[in-house]
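Presented below is the structure to which this report refers.
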Amino acid sequence: MTEPLKESRAVFPPGQQRAFIETAEKRLSIPDMARLCACSTRTIRDWRREKFAMQLECLQTLCRRVHIAVPKNISLRNRYSHVRRAGAKGARAVIKKYGRVPIDEIFRRKQWQKWWNKDGQFRTRPPQFYPQPIYKPRKSAELAEFIGTMMGDGGMHKYQAIITLHHIDDRKYIDFVIKRIRGLFHIRPALHHIPKHSVFNIVISRLEVVKYLHSLGLPIGNKVRQQFDIPQWIKGNKKFSIACVRGLVDTDGSVFTHKYMSGRKQYCYKKLSFCSHSVPLQMSVAKILAELGMSPRLTKFEVRLDSIADMNKYFFLIGSHNPKHLERYRA
């Protein structure tokens, strides 16, 4: 049986999937492409930075919409083609560590528990494994903006806080975020480049930082599943709210050019989109913008500013610390 189109992935040569999305952007905005492909704007941006291979069905849809031919130099693969290789890689790692693939998992667990009860729990850990004290900054606009950055492109688990940003588009903004972390917590985060996914990870590996950020309202684990929202201490302060929205839009927002024809004349002007799958977060961002005199429009996953007046008001009242947004707005 032929594999369904939605299960097929179009694999471009390196750099060409990004070029295809950028070509499509000349006629369609990222939100428009997301609607055509029935996905989020984050997925479109992930395709643009070549984090994932595109669905063949979506590629064909975009080609029809922008009136270009489907590229000839692509190859097709099953969406689950990596599973066998991943399983083999995991098996090799287990064999290297244990000498064989464990057969009796129950026996292994019992032996570990026996060791833990007799010896393991009484061992003294080296000093580097104990929680290190941190500087806890007071609540401020700078901290509120960092919370917004974390809610946008950040995430936390038990021991780390991580912010993931594009290695080219957000390169200058990465420097800003690192400087902000050093100013707030007096620590230097690690910076890990992942060329395969076209991103940099800014990593704070401090248990006490995670605990402190969690106490300020940031969720640990899946943010969307928890339907996270802007913390109340930020929403109750106008200055903090403005700073937090700036951090959110600088990471999960986009500035794009809307083009349309009227008669024989083409018009184009800037719009702003903030994307999130958390309904409470969408509502809070829209409310803050409305209280500042703007007219935000809510769609399924977005908060949009459509008018020229609202765009000017946003960049006058809120602004941006992400140079790519400023460059697109001023272009």
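Which of these, H82, H186, H67, has the largest mean-square fluctuation under a Gaussian network model of the chain (Cα springs below 10 Å)?
H82
Please identify the trypsin sites (Lys or Arg not before Pro) of segment 121-155 that satisfy two criteria: DSSP loop assignment and at most 10 other Cβ atoms within 10 Å. Which are they? Intermediate results must be reported in sequence, preceding the final value.
Values: sites: R123, R138, K139; in loops: R123, R138, K139.
Qualifying residues, ordered by number: R123, R138.
Can you put Y314, Y267, Y212 in order of Cβ neighbours within 10 angstrom, beginning with the fewest?
Least to most surrounded, the residues fall as Y267, Y212, Y314.
Going by a ≥ b ≥ c, the root eigenvalues of the Cα gyration tensor, does segment 159-213 fall in the rounded group (a/c under 1.5), the prolate group (a/b larger than b/c) or the oblate group?
oblate
Where a Cα-Cα gap under 17 Å defines reach, which aspartates and glutamates qualify for K313, not counting those fewer than 8 residues away within the same chain?
D250, E291, E327
Give me the lysines in straight-line cross-link reach of K110: C-alpha distance below 18 Å, same-chain residues under 8 apart excluded.
Reachable lysines: K118.
By count of other Cβ within 10 Å, fewest leading, how are Y329, Y260 ordered? Please list the in-between numbers first.
On the way: Y329 16, Y260 9.
Going from sparsest to densest Cβ surroundings: Y260, Y329.
Assuming a ≥ b ≥ c are the square roots of the Cα gyration tensor eigenvalues, decide whether segment 5-78 counts as rounded (a/c under 1.5), prolate (otherwise, with a/b larger than b/c) or oblate.
It comes out rounded by the Cα gyration axes.
Please give me the summed charge of the neighbours of H166: other residues whose Cβ is under 15 Å from its Cβ, Lys and Arg +1, Asp and Glu -1.
On the way: positive: R18, R42, R45, R48, R49, K51, R171, K172, K196, K324, R328; negative: E22, E25, D46, E50, D153, D169, D170, D175, D250, D252, E327.
That sum, taken over residues with Cβ under 15 Å, equals 0.
How many lysine pairs does segment 141-233 hold where the Cα atoms are under 25 Å apart and the two sit 8 or more places apart or on different chains?
Lysine pair count for segment 141-233: 8.
Considering only DSSP states other than H, G, I, E and B, which trypsin sites (Lys or Arg not before Pro) in segment 198-247 qualify as loop sites with at most 10 other Cβ atoms within 10 Å?
Numbers: sites: R206, K211, K223, R225, K235, K238, K239, R246; in loops: R206, K223, R225.
Passing both the DSSP loop test and the Cβ count: R225.
Given the options P131, P189, P280, which has the most mean-square fluctuation in a GNM of the chain, springs set between C-alpha atoms less than 10 angstrom apart?
Looking only at P131, P189, P280, the biggest GNM fluctuation is shown by P131.
Go ahead and set up a Gaussian network model of the chain, Cα springs under 10 Å, then flag whichever of E57, E302, E145 fluctuates most.
Result for the chain, Cα springs under 10 Å: E57 fluctuates most.
Ranking L281, L298 by Cβ neighbours within 10 Å, fewest first, what do you get?
Details: L281 22, L298 13.
Ascending number of Cβ neighbours within 10 Å: L298, L281.
So what is the 222 nm mean residue ellipticity for the chain from helices alone, if each DSSP H run of at least 4 adds -39500 (n - 2.57) and you divide by all residues, rounding to the nearest 500 deg cm²/dmol?
Details: 14 runs with 155 residues, N = 331.
Computed ellipticity for the chain at 222 nm equals -14000 deg cm²/dmol.
Please name whichever of N322, A53, S40 sits farthest to the positive end of the charge dipole of the chain, dipole taken about the Cα centre and charges placed at Cβ: Lys and Arg +1, Asp and Glu -1.
Of N322, A53, S40, it is A53.
In a shell of Cβ-Cβ distance under 13 Å around P189, excluding P189 itself, what net charge do Lys and Arg (+1) and Asp and Glu (-1) give? Don't jump to the answer; show the numbers that get you there.
Details: positive: K179, R180, R182, R188, R206; negative: D175.
Taking every Cβ under 13 Å from that of P189, the sum is +4.
Where a number appears in this text, it was derived from the coordinates with a stated rule and is not lab data. Please read all numbers here as calculations on a predicted model, not as lab measurements. Cβ coordinates were reconstructed from backbone atoms using ideal geometry, including for glycine residues, and neighbour counts include every protein chain displayed.
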